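All of the numbers you see were taken from the coordinates with simple rules; none came from a lab. These numbers come from a predicted model, not from an experiment. Glycine gets a Cβ as well: all are built from the backbone with ideal geometry, and neighbour counts include every protein chain shown.
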Amino acid sequence: MDVPPRRASPWKFVPGLYVLQGMPYFVVDAASNTFLTAMGAAPSVVSHWSSDLTLPWMLKPLWSPLVDLYGTKRRWLLGASVAVLVGMAGVAWAAGRPDWFEWTIAACVLLAFASATYDVACDGYYILALEKREQEAFVGVRNACYRLGRILVAGGVVWLAGALQKPPSESWFARGLSRPEAWSWAFAAGAIVYGLGALTIAICAPRPANDASARSARTRVDGLHATPSLATTSDATTSRAAAMRAMLVEYFTRPRFPAILAFILFYRFSESMLVKMIAPFLMKPRAEGGLGLVEEQVGFAYGTVGVVALLVGGIAGGWIISRVGFARCVWPMAIAMHVPNVLFAWAAGTQPGPDVATAVVAVEQLGYGFGFSAYMVFLLQLARTSRFATTHYAISTGLMGLSAWLAGRWSGDLVEALGFERFFWTASALGLLGLATLLFVPRLEAAPA
C-alpha cells in the first residue's frame with residue numbers, strides 16, 4: 001500500500017514567511033519616516049513620502065491576477081523575495097550617497113512594489129500549503145511574526161543606526177560613523193538578515209501538490225483541448241465581467257452603506273493622522289516642539305516597546321471580542337483607541353524625557369492595538385455577510401488604506417502650520433468623528449446561505 005508523503009510542519013516555514021513579509025514594509029516606513037526625519041527633512045516631506053510610498057500595497061490587486069495566472073505561488077514567492085532583497089540593498093546603498101534623498105525614494109519605490117508582490121504570493125502560498133484547520137490555527141502566528149519583522153526594522157535597524165554614530169569607546173557597536181554612513185550600514189544589516197531568512201525559506205518551504213497556475217490548471221482539466229476556442233474565451237471573459245459587476249453592485253448597494261462607508265473611512269482617521277508624526281515628534285529638536293530623542297531611543301521606544309504594546313493590545317482585543325461579542329465591545333474599544341491620543345498633546349506641551357516618552361508611546365500603541373481589533377472584526381463580519389467574501393474584504397481593506405493615506409499625507413503640513421501640540425489636539429478632536437460613526441453603523445446579520 002502506498003504511503004502518502006509526509007507533509008512539512010507549518011512551524012518550519014510559516015513564521016519565516018511572515019517575518020519576511022513584515023520587514024520590507026517597515027524598511028520603507030523607516031526610510032521614508034525616521035531616516036528622513038533624522039536627516040532633517042520637514043514634517044510635510046516626511047508625511048507626503050511616507051504616505052505615498054504605501055500606494056503599491058493599496059494597488060496590489062491590480063497585478064495580483066498575474067500571480068494566479070502565471071507560474072506557481074512558490075516561484076513567485078522566491079522571485080519576489082529576491083526583488084525585495086535587491087530593493088533593501090538599494091536603500092542601504094542610497095542612504096550613504098551625497099544625493100541620498102532621490103536615490104532613497106527610488107529604492108523605496110522598487111522595494112514597495114516587490115514587497116507588495118511578495119504579499120500576494122505569500123498569502124496565496126499560505127492557503128495552498130496549509131490545510132483549513134492549520135490556516136485558522138496559525139493566524140495568530142502570522143500576526144506575531146509580521147510584528148517581529150517590524151521590531152527587527154523599527155527597533156533593530158533604527159537602534160543600530162544610532163549606535164553606530166557613537167564614539168567607539170562607548171560600546172562595541174559604536175563606530176563613530178556619520179549619520180548617513182550609520183544608516184547605510186544599519187539598512188545593510190537588515191538586508192543581510194532578510195537574505196538569510198529568504199535563503200532559509202527557499203530551503204524549507206514545501207512544494208504543495210496543488211500549487212499550479214490557473215492557466216496550467218485549466219489546461220489539465222481540458223485534457224487534449226489545451227488551447228481554448230475563441231468563443232470559449234469570449235464567453236469566459238463575459239462571465240468574469242458579469243461576476244465582477246455583481247460583486248461591486250452587491251458591495252456598494254448593501255443596506256445602510258453610507259454608514260458602513262463612514263465607519264471604514266473615519267473610525268481610525270485620527271489615529272492614521274497621528275501615527276505618521278510620532279517619529280518626527282520624538283526626533284525633532286525641542287526648539288522645534290519635538291522631544292529631541294536620538295535613533296537609539298526612538299528604536300527602543302517606538303520600534304520595540306511600542307510594537308510589543310500594539311501586539312498585546314491586538315491579542316487582548318481579539319480575545320475579548322471572542323468572549324463577549326463585537327456589539328458589546330465596540331464602544332469601549334473605540335474609546336480606548338482614541339482617548340490615549342491626548343497623551344501626545346500633553347507630551348508636546350510638557351516635553352518630558354525619554355522614559356516618559358516611552359510610556360506615552362506604549363499606552364497609545366496599546367490602546368490602538370486594542371481598538372483596531374474591533375475595526376478588523378467589523379470588516380470580517382461585513383465580508384462574511386456577503387456572497388463574495390474575499391472580494392468584499394479586499395474592497396474594505398482598500399478603503400481602509402485610502403483612509404490612512406488621506407489622513408497621513410497631510411499630517412506633516414498641519415504640523416508645520418499648527419506646531420506639534422496643536423496638531424495633536426486637532427488629531428485627538430478628530431477622534432470624535434470616529435466615535436460618531438458608531439451611532440449609525442448597522443448590526444450585521446448572519447452570512448447568506
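Test of understanding: in a Gaussian network model of the chain with alpha carbons linked when under 10 Å, which of PRO65, PRO280, PRO24 would top the mean-square fluctuation ranking?
Sorting by GNM fluctuation, first place goes to PRO65.
Using only Cα atoms, find the angle between the long axis of helix 73-95 and the longest principal axis of the chain, and express it within 0 to 90 degrees, rounded to the nearest 10.
Between the helix axis and the principal axis of the chain, the angle is about 20 degrees.
Looking at the chain as a GNM with Cα springs under 10 Å, which of ALA42, ALA241, ALA316 has the largest mean-square fluctuation?
Result for the chain, Cα springs under 10 Å: ALA241 fluctuates most.
Length gain on complete extension for the stretch PHE257 to ARG443, per 0.36 nm per residue less the alpha carbon to alpha carbon distance?
That pair, PHE257 and ARG443, stretches by 65.8 nm at full extension.
Taking the Cα centre of the chain as origin, work out the dipole magnitude from +1 charges on Lys and Arg Cβ and -1 charges on Asp and Glu Cβ, in debye rounded to 20.
Details: 35 positive and 27 negative charges, 239 e Å.
Here the size comes out at about 1140 debye.
How big is the gap, in Å, between the Cα center of the stretch 336-413 and the Cα center of the stretch 259-277?
Cα centroid of the stretch 336-413 versus Cα centroid of the stretch 259-277: 7 Å apart.
Between LYS12 and TRP319, what FRET efficiency comes out of the Förster formula 1/(1 + (r/R0)^6) with R0 = 35 Å and r the beta carbon distance, rounded to 0.05? Walk me through the numbers on the way to the answer.
On the way: r = 27 Å, r/R0 = 0.78.
That pair, TRP319 with LYS12, gives E of 0.80.
Going by the alpha-carbon gyration tensor, a ≥ b ≥ c the square roots of its eigenvalues, is the stretch 238-442 rounded (a/c under 1.5) or, if a/c is not under 1.5, prolate (a/b greater than b/c) versus oblate? Walk me through the numbers before you get to the answer.
Numbers: a/c = 2.29, a/b = 1.88, b/c = 1.22.
Here the stretch 238-442 falls in the prolate category.
Gaussian network model of the chain, Cα springs within a sub-10 Å range: biggest mean-square fluctuation belongs to which of TYR70, TYR118, TYR267?
Taking springs between Cα atoms under 10 Å, the residue moving most is TYR70.
Once both axes come from the Cα atoms, what is the angle between helix 420-436 and the longest principal axis of the chain, in degrees from 0 to 90, rounded to 10?
Rounded to the nearest ten degrees, it is 40.
Apply the a/c threshold of 1.5 to the C-alpha gyration tensor of the chain and tell me whether it is rounded, prolate or oblate.
On the way: a/c = 1.87, a/b = 1.29, b/c = 1.45.
Oblate.
Efficiency by 1/(1 + (r/R0)^6): what FRET value for ALA327 and GLU416, r their Cβ-Cβ distance, R0 = 51 Å, to the nearest 0.05?
0.80
Picking from GLY162, PHE35, PRO258, whose Cα lies most toward the positive end of the charge dipole for the chain (charges on Cβ: Lys, Arg +1; Asp, Glu -1)?
Of the candidates, PRO258 comes out farthest on the positive side.
Using the 10 angstrom Cβ neighbour count as an exposure proxy, how do GLU134, GLU364 rank, fewest first? Write down the numbers at each step before the final one.
Values: GLU134 14, GLU364 26.
The most exposed by this proxy come first: GLU134, GLU364.
Relative to the present Cα-Cα distance, how much length would full extension add between LEU55 and ARG384 at 0.36 nm per residue of separation?
Numbers: separation 329, 0.36 × 329 = 118.44 nm, distance 2.64 nm.
Separation in residues times 0.36 nm, less the Cα-Cα distance, equals 115.8 nm.
At 0.36 nm per residue, minus the direct Cα-Cα distance, what do LEU62 and SER171 gain on full extension? Give it in nm, one decimal, please.
Numbers: separation 109, 0.36 × 109 = 39.24 nm, distance 4.81 nm.
Gain in length upon complete extension: 34.4 nm.
With the crude spin-label approximation of a point 7 Å out along Cα→Cβ, what separation in nm comes out for ALA241 versus ILE127?
Result: 2.5 nm between the two label points.
About the Cα centre of the stretch 238-442, what is the dipole size in debye to 20, counting +1 per Lys and Arg Cβ and -1 per Asp and Glu Cβ, all else neutral?
Working: 14 positive and 10 negative charges, 216 e Å.
It comes to approximately 1040 debye.
Please list, or write none, the aspartates and glutamates whose alpha carbon is within less than 17 Å of the alpha carbon of LYS73, excluding same-chain residues fewer than 8 places away.
Reachable aspartates and glutamates: ASP119, ASP123, GLU131, ASP211.
If Rh is defined by the Kirkwood formula over all Cα pairs and Rg also comes from Cα, what ratio Rg/Rh do you get for the stretch 262-375?
On the way: Rg = 14.7 Å, Rh = 14.5 Å.
Rg/Rh: 1.02.
Please report the net charge: other residues with Cβ closer than 12 Å to the Cβ of VAL120, K and R +1, D and E -1. Working shown, then result.
On the way: positive: LYS60, LYS73; negative: ASP68, ASP119, ASP123.
Around VAL120, the surrounding residues sum to -1.
Shape call for the stretch 14-161 from the C-alpha gyration tensor, a ≥ b ≥ c root eigenvalues: rounded (a/c under 1.5), prolate (a/b greater than b/c) or oblate? Don't skip to the answer; put the middle values down first.
Values: a/c = 2.27, a/b = 1.70, b/c = 1.34.
Prolate is the answer for the stretch 14-161, as a/c is 1.5 or above and a/b outweighs b/c.
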